[in-house]
Amino acid sequence: MSDIGIKLIYWDRVFEAGFWILVTLFFYYLALRIQRALGGTPLANPVLLAAAPIIGLLVAADIWVGDYMGGGQALLWLLGPATVGIAVPLYRNFTRVRSALLPMAAALVIGSTVAVISAIVIGEAMGASVETIRSLAPKSVTTPIAMGIAGEIGGYPSLAAAFVILTGIVGAVFGAAFFRLLHIRDERAKGFAMGIAAHGIGTARAFQESEVQGTFSGVAMALNGIVTALVLPLLWLAFG
Amino acid sequence: MRLAGQLFLAFLLLAACDTAGRLVSWWLGLPVPGTVIGILFLLGGLVAIRRVPEAVGRVADFLLAHLNFLYIPAGVGVMSYAALLAEDLWPILVALFASTFLAMLAAGFAFMAVARLTEKRSRGE
């Protein structure tokens, strides 16, 4: 084994990662086309529409998901800088956000509590295992925080990550229908509720709806992450 | 060419804010995720110069418009837990739907109720 061998392995990985990023880009493009053809409906969620055929492809070709994740990690890393970008619409809508501090505080406290407690109560009532319930509890906050919380309270971090993604998809797909059903018409309230319940994937949908909705969703996602990380482990100590 | 350079610099700025936020969160052992601190760094910078540089605005808008793309790998990753999910399929499905609905209901109504109280008062004055 010379350093040439090491270099070959290195380039292999880069090409493989690049290949899977291109595959992801292709299915994302298709998903957007489908969503546009259906009039931009939230039911045609791009994450769902693109991830499902990629999963099918990996299963059909018997490819280990870890191979795909070489490229996936690069995209997940990009989520950081993209999320930081929320500062821009936040700055543009600063007066609007600042004038809604009290409604946001109320929605944050009540919404994050309901998101956690309802998941635990429903899970218990329907006889889910303790590990499932503990992994389910932080489902409404962004992935890295949820994984940390699940580990702290005795759930599986990786299972929690899966719940987070599924929750985000449910929120993004059905949020608009829920708001219609509940007669919630205030764009700020819609965005904030979306961010509380369905974190980043909900926020991605909210930005598709309007900048105001996206901004309030982004703010709610950030605040909910902080509050849940602080409160849930304490809640667990008190009642768990 | 010059625009491409500016867009690249703008992206580096976002990535730098993110990385700086993560480092600060890690150094100080804060329960706040680093990216959230990164948002505050960028927001602080924008407030300081009192405007959004065009390239920064364009990069941020572009990334936020395609946030869904960046979540696809996480969606694919769910397949690794298919067996674990199948064990408690019904409780999981019901909890995901009902709890998301209830959280939106609670947050949305709380927001609107307090907004109605505070905004009516400020209009009345």
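The values are calculated or read from the model by the stated rules, or taken from the named source; none is laboratory data. None of these values were measured; they are calculated from a predicted model. For neighbour counting, all protein chains shown are included, and Cβ atoms are generated from backbone atoms with ideal geometry for every residue, glycine included. These area figures cover heavy atoms from the full protein model, side chains too; ligands, DNA and RNA do not enter into them. Shrake-Rupley method; radii C 1.70, N 1.55, O 1.52, S 1.80 Å.
Partner shielding of A:155-167 amounts to 5, given as the average count of beta-carbon atoms from other chains within 10 Å of each residue beta-carbon. Solvent-accessible surface (1.4 Å probe) assigned to A:Thr95 amounts to roughly 100 Å². Averaged over peptide A:90-101, the number of partner chain Cβ atoms lying within 10 Å of each residue's Cβ comes to 3. Net charge in the neighbourhood of B:Val52 (other residues with Cβ under 12 Å of its Cβ; Lys, Arg +1, Asp, Glu -1) is +2. Averaged over peptide A:190-201, the number of partner chain Cβ atoms lying within 10 Å of each residue's Cβ comes to 5. Comparing A:Ala37, A:Ala220, A:Ala50 in a Gaussian network model of chain A where C-alpha atoms under 10 Å apart are linked, the largest mean-square fluctuation is found at A:Ala37. Report the charge-dipole magnitude of the protein assembly as shown in Debye, nearest 20, computed about the Cα centre from +1 at each Lys and Arg Cβ and -1 at each Asp and Glu Cβ. Computed charge dipole of the protein assembly as shown: roughly 1400 debye. Heavy-atom surface analysis with a 1.4 Å probe gives segment A:87-239 a carbon and sulfur content of 67 percent of its accessible area. With each label modelled as a point 7 angstrom along the Cα→C-beta vector, the A:Arg96-A:Leu22 pair spans 4.0 nm. Here A:Ala238 and A:Tyr10 are evaluated by their C-beta separation; at R0 = 56 Å the FRET efficiency comes out at 0.65.
In this structure, B:Thr118 and A:Ala177 have a Cβ-Cβ separation that, at R0 = 30 Å, corresponds to a calculated FRET efficiency of about 0.60. Ranked by the mean number of other Cβ atoms within 10 Å of their residues, highest first, the peptides B:1-12, A:74-85 fall in the order A:74-85, B:1-12. A full extension of the chain between A:Ala105 and A:Ala60 corresponds to an added length of 11.4 nm, given 0.36 nm per residue minus the alpha carbon distance. Taken about its Cα centre, segment B:80-125 carries a charge dipole of about 440 debye when Lys and Arg each add +1 at the Cβ and Asp and Glu each add -1 at the Cβ.
With a sphere of radius 13 Å drawn around the Cβ of B:Leu93, what net charge do the other residues whose Cβ falls strictly inside it have (Lys, Arg +1; Asp, Glu -1)? My count for the surroundings of B:Leu93 gives -1.
Using a probe radius of 1.4 Å on protein heavy atoms only, what is the accessible area buried between chains B and A, both sides summed, to the nearest 100 Å²?
Working: alone 10500 and 14040 Å², together 17170 Å².
What B and A bury together is about 7400 Å².
At 7 Å along Cα-to-Cβ for each site, give me the label-to-label distance between B:Leu28 and A:Val231 in nm. Placing both labels 7 Å along Cα→Cβ, they lie 2.2 nm apart.
In segment B:1-65, the portion of solvent-accessible area held by carbon and sulfur atoms comes to 72 percent [1.4 Å probe, whole percent, DNA, RNA and ligands not counted]. In chain A, the longest principal axis of the Cα atoms and the axis of helix A:157-181 are about 50 degrees apart.
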